[in-house]
Structure formats: C-alpha cells, structure tokens
Amino acid sequence: MMAKNKQKESEVQLSTARAPYNFIPLINKVAVRYNDVSELPHHDVWYEHLLSGNISITITVDTPMCVANGLKKEQGLDFFQDANGNYTIPGSSLRGMIRTNMQILGLGKLRAGIDFDDHTVFYRDYASASSSKAAQAKEYYTSLLGVKSKNNISCAERVHAGYLHCRADKDEYYIHPCKGEKFFRVNRSVHNSKWEKLYAGYLPIYYSGDPQKFDVITPDEFHQKDATEQEKWREGVLLSPGQMKNQNSLYIFPQEDTDHEIAISPEQAVNFKTDWEARKNGLPGTDKRNPMDPEFWALPKHGKSKPVFYIPDTDYFGMSQFLRIPYAHALSHGLPQMHQSDEFVLDYPNAVLGFSEKDMSYRSRVSFDDMKAPCGTKTGDYVDMILGGPKPSFYPNYTVDGIDYNQDNFQLRGIKQYWLKEVEKTATGSNKQVGDAIKPVPVGTKFTGTIHYQNLAEDELGLLLWCLRLEDGCYQQLGKAKPYGYGRVKLQIDALHEYNPHELYHSLSYTEKNDTKKTRDRVEQLICAYDTKVCELVGIKPKKKGKKLLAPSIRTYSVVQDFMYMKRTIRTDKKEVSYLSIKEHKNVGTVMPTVHDVRNEAKKAATQKTDLEKKSGARSNSGFAALAGLLDSLD
C-alpha cells in the first residue's frame, strides 16, 4: 500500500496559485498626522486657515454594477433605491471605498478588528501533496490527530468522543468524555433504510452486539422490549457528520462520563464561533431530501449539549472525526510591527474620516451624500453567480511566500484589491447557500452627488481628492461581484467648491475662492500639498536620477505604484485572474505572484515589444534605402 501511495504522490501535479484579487503590501511606516486628539479641529467652529466646501462628482458605470439593497428576494438582490424609487449608491458605500483608498495612499495604520477581521483560522488537511505549500500544515495536522490508514480507511487514532456542554447561566463550555472515551464507526449502508434521513445530525439510540456488526434501534423500539431483552442494550447517540464525498459512516457515541470534565478556554470557544459564522453559508454539500442545518456545526445553547469529537490534552473539538483545528497564530500576528502595536494613532484615515475608540471618538470632517441616477434609469435582468468571497484560510494567497499560520514568521501580503477585467459568467453550482443573483445597472449609467468637507488642511483635502480621482486612466470599483468583473466605474471630479468662512457668517450669500473652471489645476495643487506633507511625516528623501536631484514624492513608493497599476490595468489574461479549481486549490506548489512581479513582467514585455518594433522598423528603413539606391542607379 505504501508503494502505491508513493506512486500517487509522484503523479500529483502541483499548481500555481492565482486569484481575481491581489494585495497592496503594508509597510512598517504610518503617517501620523496629529500627535494628540486636542490638536484636531472642532466641528462647531469654522477655521479661516482651514478649508471647507463641497466636491461635485460623477460616477459612470464601465461594467454592469449592482450596489445591493441588502434585502434578498426570492429572485436575488436588487439595486439600492431611495425613498422615491431612484437607483442610488448610498453615501456609506462611497465612504467605505474612500476609507480603504485612504488607508493605502495615506499610509494609515491597519487596526485589527476594525480595518480588517482579525481571527484565528481553522483548517483540516490530511490529503495535500507532500511537495505542496501545505506540506508543513498537513504534517502537523496528521501528527496531532494521529491519522492512520487501516484497510484503506483513514482514521484519527488520537481523536476521542464526548459531549460538549454550555452552562445554563453563561457562555462557558466543557466536555464530558464518553465512557471509555471511544466511539464506534458503523457503515451507513448496513442501516441505510432505517437511518436514511439522518443527515448532518444526531439522535438518541440503543445499540448492542459486536462493534463490527452493531444492532442499532430507536428509543421507541427499545421501550417495546421486555425487561430481560433490554439488559443487552446500551444507551448512546448516533451521529452523522454529513454525507460528504466518499463518506458514508455513522458514529455511535456511548453515554457520557459525568465524573470527568474537560474545560474549553474562552478563547477557543470564541475562535470556534467566529469560524462557524464565517463559513456557515458555504458548508459542504446539502442533500435535497435532507437539507443541511448550519446549527448542527454551531456551539450548543445555554444549558444544552451535543456530541463532539475532541483531541485530548487540547481544547480542540468538532463535529467530524477529522475535525478542524485552529492555526497557532491569529491573522494579526502577520502584520508589520508598526501595525501590530495597540497604540492608537491619529493617522490620516482617523483624523479625516473619524474614529471611535473605547474612551474617545471623533466625528468625520467629511460627509458623503447618496449618489443618484437619473429618473427612469432601468436595471438589467437578474444574473446568477456565486457571491461567496475569498477567505484567508487559503494562506498560499494571503501570506508572503505561502507560509502557513502555524509558523512564527508568516507575514500577511497586505490589503486585498480586485483586478479589473471584463465581465465573465459564473455558475452557482449545487450549493444554493452560496449561489445568488444580482440585478445590475447597465454600462453607461451615471450617478451624481456631492461630498461635503469642513475644516480640512490643504494636505488632508489633497489626500481626499487623490483617493477620489486617483491617477489618469484609473478606475474605482463598487458593488457586488468584483471577482467577475462587475462594478468597474469612472469617478470624475466635476467641481471643487471652497467656501469663504467670513462671507458665510457675514453675508446672505457666499462666493467661492476659486473659479470652478480651474478645478483640475486646484485639485492637482492640493494633491501636491499632500504629497509634500506626507513625505515630511514619514521621511521620504529626494532621489538622484543621473545628475539631477528629484523632489521627494510618495508616488515613488512601490505600494502606491502597485495600487495605481491595479486600478488602471484591465487584465485580459482571464485564467490568471480567476479562482483555482478544487483540485488546483489542494495542491499549490508555487505562490501567486505579487502585483510588483506582475507589473515588472508587463514592463519587461512592453520593453521587448518596443525593441522588436524598433528593430523591425530599422530593417524596413534599410530596405527602403537599398531600393532607393537601386532606383537612383537605374536613372
């Protein structure tokens, strides 16, 4: 059997990781704009040395877009509408997009639990190839569970059985082991007619006989027997962990041993609950006759209990013999040191867009109106697709060099952004829990609205404008289904209105400081003011180019160049920006290239093309010269 397994291992084809998304790296620098909360401008005062006004913008849809209203109908998700029935992009959606942009372009500090969902990822791996990126995680998993193969059937020898309880008065969990700490596996096909409807569930039973040929009956059948017959039967629970691929087992759990109690740490209970919440809508294959109930995998309610598998000397438990276990480190462990610190800092995102901490808060100095489409705008038909998002459990994409979360040296790649590409179709498959439908507005639809700002310094307004406009040729993304090319938009700044505080207080009308026809020049001036200030804050030095000394600029930062590249490049290599198949997903041998790698390859290819065109042109020119010489000689 070992030789056969080795042959299979040698035949495994490793894949290169890819995805419709990539990451803008985090650097170990944060631009701290204010040193103390007392330095922040007050909201009830108009400061003459600061800028207040509004920005008129237009968003033009470049690929079909659906900003959903959150109310799921039977057909799917509709586009958001205001009280008058007009299609609208809520100001909150625009604000969320700008905050993410500001986190990147403003060199903000990424706050665990606020700017990203920090948690401990769970996993199960006993089938990945030994030469894949999952090799270390697989080795740890199989060792911890004691995974062995007997008679072509895998079993986890270190996994025991018990009953997970939740105390009646609080969220406190513990396990009573089964008597003997053993469970018994029985083949579903032997009892198929009787237990056919038991799917991802458990129920009380009585059992007797040899472990290989157990007789199993219901409590009703047991109570119909006389006292003498009842003596040969033992009480227990029959558990079905869900009929997954190649899984046709039922498990018998003996009665619990109430004399022994295994405590579950509060941290582990929270981690388990977080993991369940994240994946409950995508749990494996439902049976149409016996639909899956996600609560089967959840923690028991107060005063309740449920059968579970667990690993002794740990507080790991689950509903399958091959249970999911947590990685050693939470996601935040992989942040750069500056971002791991608990110290609160007044970076640009916090100072401009506000914050709420334990003992203090500050309201945003920028407000976003809803963006309205013209009356009479119509949506297209519903489009079926899978809306389940990417998950950090797939560490070959989420970490530098594909290092798993058990390793002390793993580093997160950064802030996730989706590639721009043309719209592609996606099948929902059989799992309707993750399949859905959206109703997008068509290409060319325009939304107009206003952003109001108060008491911003020039550099702060400059950053806000940069986050809106980006660089020439760049797009923004809004709404659902970004992995499939939906939601690409062009955002245009139509006018920048700056109020004169003196006239606001002492006149029945106000005038603007600048002519709106000069908006473009003023926007660029303010962006340059931000560029100058942020270079000062983080210590960006002038650079030499030949004999010239170039002024410092945040635009030279690799993270900024990566971000702008992702926002202007429409990928035509569809396969390279698609999700992996299940088979590819399992055996990744090479990690996904970084944005920096991708743009360097594109630059190299463009240079080679230019050189080739120059050579081709030179040969063509020399041919024309030779022909001209020949004609001259004939004359």
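The values are calculated or read from the model by the stated rules, or taken from the named source; none is laboratory data. Only a predicted model underlies this, so the values are computations on that prediction, with no experimental measurement involved. Don't worry about glycine lacking a Cβ; one is built from the backbone with ideal geometry, like all the others, and counts go over all protein chains shown.
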Residues satisfying the stated conditions in region 112-149, i.e. of a type outside the set (A, V, I, L, M, F, W, C) and within 27 Å of C474 (Cα to Cα): D115
Residue tally, condition more than 30 Å from P440 (Cα to Cα) and crowded, with 20+ Cβ neighbours inside 10 Å, over region 356-379: 1
Selection status of F317, hydrophobic (A, V, I, L, M, F, W, C), under 29 Å from I114 (Cβ atoms) and either at pLDDT below 95 or within 27 Å of the chain's Cα centre (by Cα) (or both): no
Answer from L496, L491, L464 - the residue that is farther than 30 Å from E424 by Cα, touching a residue at least 12 places away in the same chain (Cβ under 8 Å), crowded, with 20+ Cβ neighbours inside 10 Å and in contact with a Lys or Arg (Cβ under 8 Å, 6 or more places away or on another chain): L496
Residue in region 560-601 that is nearest to the chain's Cα centre (by Cα), counting only those that are surrounded by fewer than 17 Cβ atoms within 10 Å (Cβ to Cβ) and closer than 25 Å to K29 by Cα: P593
Checking Q433 against (1) surrounded by fewer than 20 Cβ atoms within 10 Å (Cβ to Cβ); (2) modelled with pLDDT of 95 or more, the condition it does not meet: (2)
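Let's see how each residue does on (1) at pLDDT 95 or above; (2) under 20 Å from the mean Cα position of the chain (by Cα):
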residue	(1), (2)
K6	no, no
L40	yes, no
S93	yes, yes
G106	yes, no
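Residue-wise test of (1) in a helix (DSSP H, G or I); (2) at pLDDT 95 or above; (3) not charged (D, E, K, R).
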| position | (1), (2), (3) |
| --- | --- |
| Q212 | yes, no, yes |
| L238 | no, no, yes |
| N246 | no, no, yes |
| N290 | no, no, yes |
| P300 | no, yes, yes |
